[in-house]
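Quick notes on the structure that follows.
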Amino acid sequence: MADFTSDIAIIGAGPSGLFMVFEAGFMGYQSIVLDSLPQAGGQLAALYPEKPIYDVPGHPHILAGDLVTKLQQQAAPYQPQYLLGEAVTDLQALPDNAGFVLQRAGGSTVHAKVVIIAGGGGLFAPRKPVGLLNLATFEATGSVCYAITNKAALAGQTVILAGGGDSAVDWAVELAGLAAHVHVVHRRSDFRAAEATVQAMLNLAASGQITLHTPTELQALHGANGQLEAVTLLKADGTTQHVAATSLVCCFGLQPQAGALESWDLGLERGVIPVDFATMQTRRPGLLCIGDMASYEGKVPLILTGFAEAAIAAKKCQAIINPEKKYKVQYSTSKGVPAAPPAAPSA
Ligand SMILES: Cc1cc2nc3c(=O)[nH]c(=O)nc-3n(C[C@H](O)[C@H](O)[C@H](O)COP(=O)(O)OP(=O)(O)OC[C@H]3O[C@@H](n4cnc5c(N)ncnc54)[C@H](O)[C@@H]3O)c2cc1C
């Protein structure tokens, strides 16, 4: 007997997992959503809650954090249960097509007829700088972090952004008017980010609002009582430079960690799981996958893609749970949704 039971268990509370709750609920199925992070929202909440997104249909622009809030509001009428803060570590298929039992890191179990993996980039583990002196001291106090979850906290600070991808470049532009000064440290001379944003950063550097350090690496952190005061940079020519800074944000991306999924015989390779695009089913019956983690020819890993995949997966859920029922497209305008109850508590 499992501790929790539901029609559908959704692994991953990113945008795809959250919209899956709506699509499953619209078809009449109850969902439990599991995530290793303490909050819902996946990459949007963990990596860029205060950044505007411009390519969600119907929203000319919306902050990532606001999109998460709206997705949860949209799912609320179907009363999902959120089990957050613990990774899913194991999966057992029950005999006679009786579904699956999922094991959580803390020991509790979840039984569901269908499991939908919406694991995105996998378990989040930020890539950390290697060999950076005193890193642990300043990490512990928050002077060094790996994602900006509260932009306002950086107002008036001297911020070093380390990295050369979209995150570092986007934040450099975003913080230029807010922070006292922004330094960008990158080990290469060229940036792997959207051309227009790189150009915006170069313009800000030309006007003196941003200082670029390339090709340069982080060498040592300095300060007192856990408050960062300066960073030693190591340039490619072997010389060092001492830069005053109160905050270091390392934007080196996420360490791809599939976690337990690797041993579930799903053909997981390079962090993605092959699926049949017509149903979003993996090679194991009853185990579906949507969002960034689902792979098929022509896949475009964007938020809007995950939304459409949720609708396809919901259709397959009905075929698995109620095979006797004929699928019929239903319009939300005709069917409506139940009234939203008060927010469900997390467990
Ligand atoms: C800086 C940045 C900017 C971006 N901008 C855009 C944009 O403008 N437009 C756009 O469309 N896309 C954008 N993206 C991409 C977008 O964020 C992803 O496509 C989207 O988050 C994928 O959603 P998802 O639900 O599939 O997965 P995710 O958001 O990655 O969520 C997956 C969740 O699954 C959880 N998980 C994984 N494995 C387990 C496990 N074993 N147990 C428990 N939980 C687990 C993770 O903790 C995570 O919370 C951007 C990404 C980044 C990094």
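Every number here is computed from the coordinates shown, using simple stated rules; none is lab data. Everything numeric here is computed off the predicted structure, so don't read it as measured data. As a convention, Cβ positions derive from the backbone with ideal geometry for all residues, glycine included, and neighbour counts pool all protein chains shown.
Say the dipole of segment 15-151 comes from +1 at the beta carbon of Lys and Arg and -1 at that of Asp and Glu; which of Gly25, Gln92, Leu63 then lies farthest toward its positive end?
With unit charges placed on the Cβ atoms, the residue in question is Leu63.
Using the alpha-carbon centroid of each, what span in Å lies between segment 63-85 and segment 128-166?
What the calculation gives is 28 Å, centre to centre.
Rounded to the nearest 500, what is the chain's calculated 222 nm mean residue ellipticity when only DSSP H runs of at least 4 contribute -39500 (n - 2.57) each, over all residues?
One gets -7000 deg cm²/dmol as the mean residue ellipticity at 222 nm.
Running a GNM on the chain with Cα contacts under 10 Å, which residue among Pro274, Pro323, Pro15 ends up with the highest mean-square fluctuation?
Pro323
So how strong a dipole does the chain carry about its Cα centre when Lys and Arg Cβ are +1 and Asp and Glu Cβ are -1, to the nearest 20 debye?
460
Classify segment 135-250 as rounded, prolate or oblate, taking a ≥ b ≥ c as the square roots of the eigenvalues of its Cα gyration tensor: rounded when a/c is under 1.5, otherwise prolate if a/b is larger than b/c and oblate if not.
Working: a/c = 1.72, a/b = 1.22, b/c = 1.42.
Here segment 135-250 falls in the oblate category.
For a quick check of your reading of the filter: which chymotrypsin sites (Phe, Trp or Tyr not before Pro) in segment 43-121 sit in a DSSP loop and have no more than 16 other Cβ atoms within 10 Å?
Filter output for segment 43-121: Tyr54.
Taking R0 as 30 Å, what's the FRET efficiency between Tyr54 and Asp190 from their Cβ-Cβ distance, rounded to 0.05?
Working from the Cβ atoms, E equals 0.75.
With point charges of +1 on the Cβ of Lys and Arg and -1 on the Cβ of Asp and Glu, referenced to the Cα centre of segment 189-347, which listed residue (Asn322, Phe277, Ala236) lies farthest in the positive direction of the dipole?
The Cα lying farthest towards the positive end belongs to Asn322.
In the Gaussian network model of the chain, springs joining C-alpha atoms below 10 Å, which of Ala194, Ala294, Ala24 carries the largest mean-square fluctuation?
Comparing Ala194, Ala294, Ala24 in the GNM, the peak value goes to Ala194.
Taking springs between alpha-carbon atoms closer than 10 angstrom, which of Thr141, Thr197, Thr246 fluctuates most in the Gaussian network model of the chain?
Thr141
At most 15 other Cβ atoms within 10 Å plus a DSSP loop assignment makes a site exposed; report the longest stretch of the chain without any exposed GluC sites (Glu not before Pro).
51-296
Apply the Karplus parameterisation 6.51 cos²θ - 1.76 cosθ + 1.60, with θ equal to phi minus 60°, to every residue of segment 116-128 and state each ³J(HN,Hα) to the nearest whole Hz, in sequence, with x for glycine and proline.
10, 8, 10, x, x, x, x, 5, 6, 8, x, 5, 10
Which aspartates and glutamates have a Cα lying under 18 Å from the Cα of Lys235, excluding residues fewer than 8 positions away in the same chain?
Asp190, Glu217
For Lys328 and Ala136, what does the FRET efficiency come to when R0 = 41 Å and r is the distance between their Cβ atoms, rounded to the nearest 0.05?
Details: r = 58 Å, r/R0 = 1.41.
FRET efficiency, Lys328 to Ala136: 0.10.
Beyond 29 Å between alpha-carbons counts as too far, so tell me which of Lys128/Lys151; Lys299/Lys328; Lys113/Lys328; Lys51/Lys335; Lys70/Lys151; Lys151/Lys335 fall in that bin.
In this structure, Lys51/Lys335; Lys151/Lys335 exceed 29 Å between Cα atoms.
Taking the Cα centre as origin and putting +1 on Lys and Arg beta-carbons and -1 on Asp and Glu beta-carbons, what dipole magnitude results for segment 135-250, to the nearest 20 debye? Display every interim value, and only then the final one.
Working: 5 positive and 9 negative charges, 16 e Å.
Using Cβ point charges on Lys, Arg, Asp and Glu, segment 135-250 gives about 80 debye.
Please compute the Cα-Cα pair-distance distribution of segment 149-215 with 5 Å bins starting at 0, giving whole percents from short to long.
All Cα pairs, binned at 5 Å, distribute as 4, 20, 33, 26, 13, 4 percent.
What shape does segment 193-280 have by the C-alpha gyration tensor, where a ≥ b ≥ c are the square roots of the eigenvalues, rounded means a/c under 1.5, and otherwise prolate means a/b greater than b/c and oblate the rest?
Note, shape of segment 193-280 comes out prolate.
Give the cross-link partners of Lys316 among the aspartates and glutamates, using a straight C-alpha distance below 18 Å as the criterion and excluding same-chain residues fewer than 8 apart.
Straight-distance partners of Lys316: Asp7, Glu23, Asp276, Glu324.
What is the spread of the Cα atoms of the chain along each of their three principal axes, largest first, in whole Å?
Sorted largest first, the three principal extents are 71, 41, 40 Å.
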